[in-house]
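Written below as structure tokens is the structure these notes are about.
The values are calculated or read from the model by the stated rules, or taken from the named source; none is laboratory data. Remember, it's a predicted structure, so these values are computed and weren't measured experimentally. Here the Cβ positions follow ideal geometry from the backbone for every residue, glycine too, while neighbour counts run over all protein chains shown.
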Amino acid sequence: MKVAIIGYGKMGKAIEQILLQRGHVVVLIIDQHNATDLQSEALKLADVAIEFTTPHTAIQNMQACFAAGVPVVVGTTGWLQHRTDMEAACMAAGSALLHTTNFSLGVNIFFEINRQLARLMAQHTEYSVKVTETHHTAKLDAPSGTAISIAEQILQEQPTLSGWVNSATADKGQLPIESLRIDPAPGTHTVTYRSSIDDIEITHTAHSRQGFALGAVLAAEFLAGKQGIFSMRQVLGL
């Protein structure tokens with residue numbers, strides 16, 4: 001498989017290492033020094049692109065991939081207010097898009113547990129629920145995209161909640177997300193259900209970026225040659 005890597009920070013380098021270990025070929029690497037190469041013919045050589053950049057550049061990077069007819073796996077978060085537009089642009093171009101807030105196998109299993117727990121707890125209104133996320137201080141967005149995904153899954157199952165806020169709140173109709181920035185944490189997400197009698201918690205803690213990088217490569221292997229909008233649930237058969 002021929003792959004374009006868009007974004008060559010710590011994640012991009014980890015993805016490159018796993019791609020090479022799995023026998024794939026990296027045909028293009030885009031970073032801040034050669035961003036104009038994204039408009040070159042080199043992108044069209046790729047079977048799939050993997051994009052990990054910033055919320056400010058992700059949109060134009062996806063558009064470039066759609067224009068080149070290259071399926072794109074997107075790990076950048078913080079741009080989801082444009083998600084409907086990007087999915088429409090992907091479909092109009094006959095391309096493929098797979099975006100998730102977290103590519104880790106463990107996190108995606110955690111997502112499934114979170115949905116099921118929220119479903120079980122919906123009838124037990126004596127419990128309040130809270131999401132806590134902890135990341136390194138260089139993380140650009142807060143709350144994390146993963147925390148937002150977790151919160152949205154809870155909201156789908158809890159009819160008494162109407163939205164989330166990135167702070168503590170006395171409003172019982174809002175789900176609080178607490179964002180902590182502590183080095184060198186790669187990422188910890190906890191959902192806590194609390195009552196006067198007891199607490200129920202589920203937690204996922206990442207130990208390195210390798211799990212995210214491997215998941216992104218698995219997503220790229222899945223997406224190559226496809227058209228449409230996909231998710232990690234389909235990649236992992238969840």
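At a glance:
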{"read-out": "Residue satisfying condition, being surrounded by fewer than 20 Cβ atoms within 10 Å (Cβ to Cβ) and more than 18 Å from residue 32 (Cβ to Cβ), within set 89, 68, 118", "value": "89"}
{"read-out": "Criterion (assigned to a helix (DSSP H, G or I) and of a type in the set (Val, Ile, Thr)) met by exactly one of 146, 137, 77", "value": "146"}
{"read-out": "Residues of segment 83-121 classified as free of Cβ contacts under 8 Å to residues at least 24 places away in the same chain and either under 18 Å from residue 156 (Cβ atoms) or in contact with a Gly (Cβ under 6 Å, 6 or more places away or on another chain) (or both), total", "value": "4"}
{"read-out": "Hits in segment 170-187 - residues which are assigned to a strand (DSSP E or B) and within 14 Å of residue 147 (Cα to Cα)", "value": "175, 176, 177, 178, 179, 180, 181"}
{"read-out": "Residues (of a type in the set (D, E, K, R) and within 30 Å of residue 69 (Cβ to Cβ)) located in segment 90-144", "value": "141"}
{"read-out": "Residues within segment 190-236 that are part of a strand (DSSP E or B) and not aliphatic (A, V, I, L, M), tallied", "value": "11"}
{"read-out": "First in segment 140-166 and at pLDDT below 95, second anywhere and assigned to a helix (DSSP H, G or I) and among the β-branched types (Val, Ile, Thr), Cβ under 8 Å, 6 or more apart", "value": "146/107"}
{"read-out": "Filter result for the condition that a residue is within 22 Å of the chain's Cα centre (by Cα), farther than 24 Å from residue 233 by Cβ and of a type in the set (Asp, Glu), over 85, 47, 37, 31", "value": "31"}
{"read-out": "Any chance residue 223 is at pLDDT 95 or above and farther than 29 Å from residue 10 by Cβ", "value": "no"}
{"read-out": "Residue list for segment 1-27, filter: more than 15 Å from residue 74 (Cα to Cα), out of contact with any Lys or Arg (no Cβ under 9 Å at 6 or more places or on another chain) and in a strand (DSSP E or B)", "value": "2"}
{"read-out": "Positions within segment 86-125 being at pLDDT 95 or above and in a loop (DSSP other than H, G, I, E, B), in sequence order", "value": "94, 95, 122, 124"}
{"read-out": "Among (1) of a type in the set (Gly, Ala, Ser); (2) surrounded by 22 or more Cβ atoms within 10 Å (Cβ to Cβ); (3) free of Cβ contacts under 8 Å to residues at least 24 places away in the same chain, the one test that residue 35 misses", "value": "(2)"}
{"read-out": "Single condition residue 127 does not satisfy, out of (1) in contact with a Ser or Thr (Cβ under 7 Å, 6 or more places away or on another chain); (2) more than 28 Å from residue 55 (Cα to Cα); (3) loosely packed, with under 14 Cβ neighbours inside 10 Å; (4) not β-branched (Val, Ile, Thr)", "value": "(3)"}
{"read-out": "Every residue from segment 139-183 that is crowded, with 16+ Cβ neighbours inside 10 Å, under 20 Å from residue 195 (Cβ atoms) and out of contact with any strand residue (DSSP E or B) (no Cβ under 9 Å at 6 or more places or on another chain)", "value": "157"}
